[in-house]
Amino acid sequence: MKFSYVDSHFRLCTLFIVAGATLFLAVGCGGTQGAPPQQPPPEVTVAAPIRKQIVEWDEYTGRLEAIDYVEIRSRVSGYLQSIHFDEGQMVEKNDLLFVIDPRPFQAELNGARSDVTQAESQLAQARATLEDAKARLKQSEAQRQLVETQVQRVRKLRDQNAATQDELDQFEAEYLTAEADVSASNAGISSAEATIETAKAGIESAKARVETAELNLEYTRIYAPVAGRISRQMVTEGNLVSGGSASSTLLTTITSVAPIYCYFDATEQEVLKYTRLAQSGARESSRVAKNPVFLALVDEKGFPHLGHMDFVDNRFDANTASMRARCVFPNDDQVLIPGMFARIRIPGSAPYQAILIPDSAIGTDQSTQFVYLVNDGIVEQRTIEVGPLVDGLRVVRNGLAGSEKIITQGLLQARPEMQVVTRDGTIESLEDGLPDNYEPLPPEQWISPKPDPLPEFTRTGRNLTADKEGDK
């Protein structure tokens, strides 16, 4: 049985009429309904902010590095004869580590010492030659004087016709011979004196070779230049090692343990903040004062390690736009190991009275932050300026006096000018173990290694200390 379009339209109209009548009857039977019941005011928790003295401790991530890191290399080439340390253990300064076969260097030293003896004997011989040349000079001068006297006598006799011309010529020839002997003796003296100077130079050269040979022999015994923890042996006994150059064979390494450095980087904005604080006198610059620093490892709660600032670089790194700084820690328990990452806290402000509230009490409206106050049961919105987290609470720099009652729980239920029911609560801080006051460390508590003493120099630039040791 098929329905036409008219039948379908008629049935749809009938359905709407019936539905409308049913709705009218339902409303009519229910009678007139009143307004919805009024909701009670929401209940919120209020508390007063915490007022206390604080220091803003700025946090950085740093890397631990040893103060002394030494690559042990030989200064001479040779065969490694013996090794005298336990790998990975602590060594003291001047502990014997390696021995290079010393026999070739001992032979070289013996040869250099024999060269000194030979040069000294040549000097003695030259001095004897000089004395002999001086003696012959005296003899030649005496012979010349004798012949000169004879020539004068023969000349007088020749004038008196008492001597012949041949006799006079013979004596004059003898005089010329004596004169030549005197010149030869003078030349012998000069030669002997030159030989003496050559022998002296030979002695000094031989002594220099002895010193070099002694040094090379001493270098066959390799000692620890610093105290610290030694690494593994890179070369085993019997191997040929090269020495005396930048590419010498690496034997092992030593890293100092205590104290230890921690390096970190600060941005331009952070460095400028510290500079302004120093200019205002609120905080001394870490360039001139040993400000305290606290450190924690990844598995430690709080910041149990106390050290101080040690170094601030003189320029920004153009690649990272940051400045490198360094702090130092005693590390008596040797927990801090070079290469570790650590969290450090340095003072970022002077001690001051601050207002602290929890982050849960702070609302955000686009670019501004606010809190809700409750005065006589009415909510009031107050715009604030916040600072860093201290003891788990947010520092309020502006907007609160500290005596207000702020909503700490139920913030989403409240609106400005709304009436609320309050319940008193408290704000609790989480102590992080950092002090609320600080002072730069006094000199007797400094950990930084002291620089080497300056050598004594004369106005000519000579090292007086080295000269005195050489005289000894």
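The values are calculated or read from the model by the stated rules, or taken from the named source; none is laboratory data. Nothing here was measured: the structure is a model prediction, and the numbers come from that model. All Cβ positions, even for glycine, are placed from backbone atoms using ideal geometry, and neighbour counts span all protein chains on display. With ligands, DNA and RNA removed, areas are computed over all heavy atoms of the protein, side chains included. Shrake-Rupley method; radii C 1.70, N 1.55, O 1.52, S 1.80 Å.
In this structure, the amide hydrogen of HIS305, modeled 1.01 Å from its nitrogen in the peptide plane, lies closer than 5 angstrom to those of LEU295, counting only residues at least 5 positions away or on a different chain.
Per DSSP helix of 4 or more residues, -39500 (n - 2.57); summed, then divided by the residues of the chain. What does that give at 222 nm, rounded to the nearest 500? Don't skip to the end; give the middle numbers.
Numbers: 5 runs with 159 residues, N = 472.
Estimated from H runs of four or more residues: -12000 deg cm²/dmol.
Based on C-alpha pairs under 8 angstrom that are at least 6 apart in sequence, region 135-245 has a relative contact order of 26 percent. Each Cα pair under 8 Å and six or more residues apart adds its sequence gap; the mean of these over the residue count of region 278-415 is a relative contact order of 18 percent. Here the Karplus curve 6.51 cos²θ - 1.76 cosθ + 1.60, taken at θ = phi - 60°, turns the phi angles of region 330-336 into couplings of x, 6, 5, 8, 6, 6, 7 Hz, with x standing for Gly and Pro.
3J(HN,Hα) couplings calculated from phi for region 425-433 with the Karplus curve 6.51 cos²θ - 1.76 cosθ + 1.60 (θ = phi - 60°) are, in sequence order, x, 10, 10, 10, 9, 10, 5, 9, x Hz; Gly and Pro show x.
Annotation: amide H-H contacts under 5 Å for TYR223 (H modelled 1.01 Å from N, sequence separation of 5 or more, or interchain): LEU97. Long hydrophobic helices in the chain: the complete DSSP H runs spanning 20 Å or more by Cα along their own axis with mean Kyte-Doolittle hydropathy of at least -1.0 are 5-30, 165-219.
Residues in region 43-57 carry Karplus couplings, in order, of 9, 10, 9, 10, 7, 8, x, 8, 10, 7, 7, 9, 10, 7, 8 Hz; the curve used is 6.51 cos²θ - 1.76 cosθ + 1.60 with θ = phi - 60°, and Gly or Pro positions show x.
Which of the residue pairs LYS290/LYS405; LYS273/LYS450; LYS93/LYS273; LYS93/LYS207; LYS52/LYS301; LYS52/LYS273 have a Cα-Cα distance greater than 32 Å in the structure shown? Could the numbers behind the result be given before it?
On the way: LYS290/LYS405 41 Å; LYS273/LYS450 29 Å; LYS93/LYS273 43 Å; LYS93/LYS207 30 Å; LYS52/LYS301 23 Å; LYS52/LYS273 23 Å.
Long pairs (Cα-Cα over 32 Å): LYS290/LYS405; LYS93/LYS273.
Taken over the alpha carbons of the chain as equal point scatterers, the Debye sum produces base-10 log I(q)/I(0) values at 0.06, 0.13 Å⁻¹ of -0.65, -1.26.
For ARG75, the residues whose modelled amide H falls within less than 5 Å of its own, excluding neighbours fewer than 5 places apart on the same chain, are GLY244. For region 305-378, averaging the sequence separation of C-alpha pairs within contact (under 8 Å, six or more residues apart) and dividing by the residue count gives a relative contact order of 18 percent.
Among the aspartates and glutamates, select those whose C-alpha is under 13 Å from the C-alpha of LYS200, and discard any that sit fewer than 8 residues away in the same chain. Filter leaves ASP115, GLU120.
Leaving out ligands and nucleic acids, note down the accessible area per residue over the chain with a 1.4 angstrom probe, in whole Å². Before the final figure, lay out each step's value.
Values: 29740 Å² over 472 residues.
Heavy-atom accessible area per residue stands at 63 Å².
Within region 53-112, the trypsin sites (Lys or Arg not before Pro) that combine a DSSP coil assignment with at most 13 other C-beta atoms in a 10 angstrom radius are LYS93.
Counting only protein heavy atoms, what percent of the accessible surface of region 237-370 is carbon or sulfur at a 1.4 Å probe?
Values: 3410 of 6740 Å².
Carbon and sulfur together cover 51 percent of it.
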